[in-house]
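Notes follow the structure.
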Amino acid sequence: MLSRVADSLYWIAQNMERADSVAKLLSARLVSILENQDPLLGTESDWKEVIEIASDKEEFRKIYDSYNRESVIQYLAFSKQNSNSILSCIKVARENAKMVREILPIELWEVINDLYLEIKEVSFFETNNEDLNRFLQSIHEKYFLFQGIISGFMSRREGYLFLVFGKYLEVIRKLARTLDVYYHKKRTERFEKEDIQYHYWSSVLSSLSGYHSYIQKYQASMDPVKIVNYLLFDDSQPRSASYGVQQLVNAFQVLEKQQINDYAQKLYGKLEELHQELRYDSVKNLPVSLHEYCQKLQSLCDSVGIAIMETYYLGEMSPT
């Protein structure tokens, strides 16, 4: 496969995953504001954590003076100045899809193109919370359609494997970053109310596409340790980090025909290191704090991404 084709497929998958993760994060926050009885939800510190998960605080502060609903949603959803906004990610995915249209199912191109045309027409400043949430949900629905077309219509050849690389590397990176921010947020006094704790952790699960499957397994028990274990180490959960790294390893093995060629030694080593880090069965067994562990996962994801680009001669983009 030509490197330019592999490059485009990798960035299509990663940017569509990133756009969807930002949409889920914003949607979960809007729902929390509407449903939660926490009087402090929606304050500047609350919106700041959304930026910490989805973007770069320093870059945000170059444009905006404060963290609030308007500035954060505008920056993360519609800003052309933010390379990781929903609009920017979908635009990058569309540009790459245009370059490889001949090998994509036509339905896949249509989903990406329609999504880009739709988001271009949205005026945030004329949108209330309910309408904005409907828009974010529509992005999520189109992302499901995007993944369904890949699953149902793409042959499992080299191109599909680069889509797997792009998707699951982003899944693990964003999951580690989200848990790092959420788990260590100091809300002890606010968590004295059971309903506030429930809404807080259900919001975490929703933002990471794990709410319904978690409830099916654990009913209504919003236990932070169970939630973190479920999201990190439960390999029956297709959005967990453990499941994701197994998909990366499988894709590498198929791509390299079950061999470890000299040119792929670095990538193999980084994938094995990430794989080893996700073989714990509980956060209680970690040799370091969860903060340090999540930081290490993010660093390893960046290293794997660099190794993929070097091994297969892909172009560079922001790992944020």
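The values are calculated or read from the model by the stated rules, or taken from the named source; none is laboratory data. This structure is a prediction, so every number in the text was calculated from the model and none was measured. Counting neighbours? That spans all protein chains shown, and the Cβs are built from the backbone with ideal geometry, glycine included. Quick note on the areas: whole protein, heavy atoms, side chains included, nothing else; ligands and nucleic acids left out. Shrake-Rupley method; radii C 1.70, N 1.55, O 1.52, S 1.80 Å.
Using helices alone, I'd like the mean residue ellipticity at 222 nm for the chain: each DSSP H run of four-plus residues gives -39500 (n - 2.57), total over residue count, nearest 500.
On the way: 14 runs with 217 residues, N = 320.
It comes out at -22500 deg cm²/dmol, rounded to the nearest 500.
In whole percent, what relative contact order does the chain give with Cα contacts below 8 Å and a gap of six or more residues? Could you put the intermediate results ahead of the total?
Working: 379 pairs, mean separation 76.3, N = 320.
Relative contact order, the chain: 24 percent.
Need the list of lysines near Lys217 for cross-linking: C-alpha distance under 18 angstrom, and skip anything on the same chain fewer than eight residues off.
Cα-Cα hits under 18 Å: Lys226.
Could you give me the ³J(HN,Hα) list for segment 131-137, computed from phi with Karplus coefficients 6.51, -1.76, 1.60 and θ = phi - 60°, whole Hz, x at Gly and Pro?
With coefficients 6.51, -1.76 and 1.60, one gets 5, 5, 5, 4, 5, 5, 5 Hz.
Just how large is the dipole of the chain about the Cα centre, in debye to the nearest 20, putting +1 at every Lys and Arg Cβ and -1 at every Asp and Glu Cβ? If you can, show how the numbers build up before the last one.
Details: 37 positive and 45 negative charges, 75 e Å.
I would put it at about 360 debye.
What is the ratio of the Cα radius of gyration of the chain to 2.2 N^0.38 Å, where N is its residue count, to two decimals? Don't skip to the end; give the middle numbers.
On the way: Rg = 19.3 Å, N = 320, 2.2 N^0.38 = 19.7 Å.
Ratio of Rg to 2.2 N^0.38 Å for the chain: 0.98.
So which residue, out of Ser155, Ser71, Ser206, gets the largest mean-square fluctuation from a GNM of the chain using Cα contacts under 10 Å as springs?
Ser155
For the chain, what is the accessible area per residue in Å² when the probe is 1.4 Å?
Spelled out: the 1.4 Å probe surface of the chain, per residue, equals 46 Å².
Mind listing the phi-derived Karplus ³J(HN,Hα) values for segment 100-110, rounded to whole Hz, using 6.51, -1.76 and 1.60 with θ = phi - 60°, and x for any glycine or proline?
Couplings: 10, 4, 5, 10, 9, x, 4, 5, 5, 4, 5 Hz.
Just give me a number: lysine pairs in segment 34-169, eight or more positions apart or cross-chain, with C-alpha atoms less than 29 Å apart.
Close lysine pairs under the 29 Å cut-off: 29.
Determine the share of segment 76-168's accessible area contributed by carbon and sulfur atoms, expressed in whole percent, with a 1.4 angstrom probe. Working shown, then result.
Values: 2230 of 4620 Å².
Of all accessible area on segment 76-168, carbon and sulfur atoms account for 48 percent.
How many percent of the accessible area of segment 211-320 is carbon or sulfur, using a 1.4 Å probe? Show your work: numbers first, answer last.
Values: 2690 of 5580 Å².
In segment 211-320, the share of accessible area belonging to carbon and sulfur is 48 percent.
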